[in-house]
1. Could you tell me whether any residue of segment 25-38 is of a type outside the set (Val, Ile, Thr), in a helix (DSSP H, G or I) and surrounded by fewer than 15 Cβ atoms within 10 Å (Cβ to Cβ)?
2. Return yes or no: is Val108 under 18 Å from the mean Cα position of the chain (by Cα) and closer than 30 Å to Glu214 by Cβ?
3. Six or more apart or on different chains, Cβ atoms under 7 Å: show the pairs whose first residue is in segment 43-56 and closer than 16 Å to Ala94 by Cβ and whose second is open to solvent by less than 20 Å² (accessible area, probe 1.4 Å) and assigned to a helix (DSSP H, G or I).
4. In segment 210-240, how many residues are touching a helix residue (DSSP H, G or I) at 6+ places or on another chain (Cβ under 8 Å), under 15 Å from Pro160 (Cα atoms) and aliphatic (A, V, I, L, M)?
5. Taking interchain pairs and intrachain pairs at least six residues apart, which have beta carbon atoms under 7 angstrom, with the first residue in segment 137-152 and in contact (Cβ under 8 Å) with a residue 40 or more places away in the chain and the second open to solvent by 50 Å² or more (accessible area, probe 1.4 Å) and part of a loop (DSSP other than H, G, I, E, B)?
6. Of all residues in segment 57-99, which are over 14 Å from Phe40 (Cβ atoms), aliphatic (A, V, I, L, M) and open to solvent by less than 10 Å² (accessible area, probe 1.4 Å)?
7. Mind telling me which of the residues Pro160, Pro149, Pro140, Pro155 ends up being over 12 Å from Gly88 (Cα atoms) and in contact with a Gly (Cβ under 8 Å, 6 or more places away or on another chain)?
Amino acid sequence: MLDPSLPRPEVGRSFTSRRRVRLADMDAAGRVRLDAVTRFLQDIAIDDVQETGWGMPDHLWFVRRIRLEVREPLAADRELELATWCSGVASIAAGRRWSVTGDRGGRVEVDSVWIHLGPDQRPARIESFGIYAEAADGRPVSTRLELAPPGDAAPRTAFPLRTSDVDLHGHVNNAVYWQALEAVLGADAARPLAAELDYRDPVDLADPLELAVEHRAEGVTVGYCVGDAARAVARVELSAGA
């Protein structure tokens, strides 16, 4: 189970960095957008694994599941402190936890599961992971997908992709999925919320991506659909008190 409430470990590795918020990271009201937050999360994760030797080219990490909780929106924050550590370990996957604190009181907590690939881009067992495993303290993680896609009757809207949406690995970058959520949520994206996203299969530039949106009792469910297949599924729960 993804748990963004896990505290920073007292033993084991954690990594901290700071990021300045720039104009391209903000919406029209000055709030740090969800896709900007996820880009910052990616950046600090890459900085972390490159420092320890668990990054490219020998090790590749692809996100499988993520839960992002906006406890206090980053409404006026212009400098962010980001801390990250390992939240769990499995044979070919590991959990990564982040905590984001803004200089004006904003706060975002995140937990995630990433699949480990070798240099041949095939799933590879994680060995000699002590530098991270100590922080996980024996907590396991699961790569099982949890979210059901919207029903067939859910209305769909085309979400055209751009060449700038594709990253070094040849697929649409993780942050683009959060750009789509911003478009679906509109003004609700500025509220406290919890968003969970399951990545099923990659989306490529040539794919005719559509967003299927369904309102359910537990919140808004979004399917990132190419034809009949949901390549990813997101669920957003809006805070009732916001």
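The values are calculated or read from the model by the stated rules, or taken from the named source; none is laboratory data. The structure displayed is predicted, hence computed values, not measured ones. Virtual Cβ from ideal backbone geometry, glycine too; neighbours counted across all protein chains shown. To get the accessible areas, we keep the full protein, side chains included, count just its heavy atoms, and leave off ligands, DNA and RNA. Shrake-Rupley method; radii C 1.70, N 1.55, O 1.52, S 1.80 Å.
1. Within segment 25-38, the first condition is being of a type outside the set (Val, Ile, Thr), and the residues that meet it are 25-31, 33-36.
Those left that are additionally in a helix (DSSP H, G or I): 25, 34-36.
Cutting the leftovers down to surrounded by fewer than 15 Cβ atoms within 10 Å (Cβ to Cβ) gives us none.
No: zero hits.
2. Details: under 18 Å from the mean Cα position of the chain (by Cα): yes; closer than 30 Å to Glu214 by Cβ: yes.
The answer is yes for Val108.
3. Gly55/Val49
4. Going through segment 210-240, the residues touching a helix residue (DSSP H, G or I) at 6+ places or on another chain (Cβ under 8 Å) turn out to be 211, 213, 220, 222, 224, 232, 234, 236, 238.
In the following step, the residues that additionally are under 15 Å from Pro160 (Cα atoms) were identified as 211, 224.
Adding the requirement that they be aliphatic (A, V, I, L, M) leaves 211.
Here the count works out to 1.
5. Going by the 7 Å Cβ cut-off, the qualifying pairs are Leu145/Arg200.
6. Kept after step one, since they are over 14 Å from Phe40 (Cβ atoms), are these residues of segment 57-99: 57-65, 67, 69, 71-73, 75-76, 85-95, 97.
Those still in the list that are aliphatic (A, V, I, L, M) too: 60, 63, 75-76, 89-90, 92-94.
Those that are over 14 Å from Phe40 (Cβ atoms), aliphatic (A, V, I, L, M) and open to solvent by less than 10 Å² (accessible area, probe 1.4 Å): Ala93, Ala94.
7. Values: Pro160 fails: in contact with a Gly (Cβ under 8 Å, 6 or more places away or on another chain); Pro140 fails: over 12 Å from Gly88 (Cα atoms); Pro155 fails: in contact with a Gly (Cβ under 8 Å, 6 or more places away or on another chain).
None of the others qualify; the one that does is Pro149.
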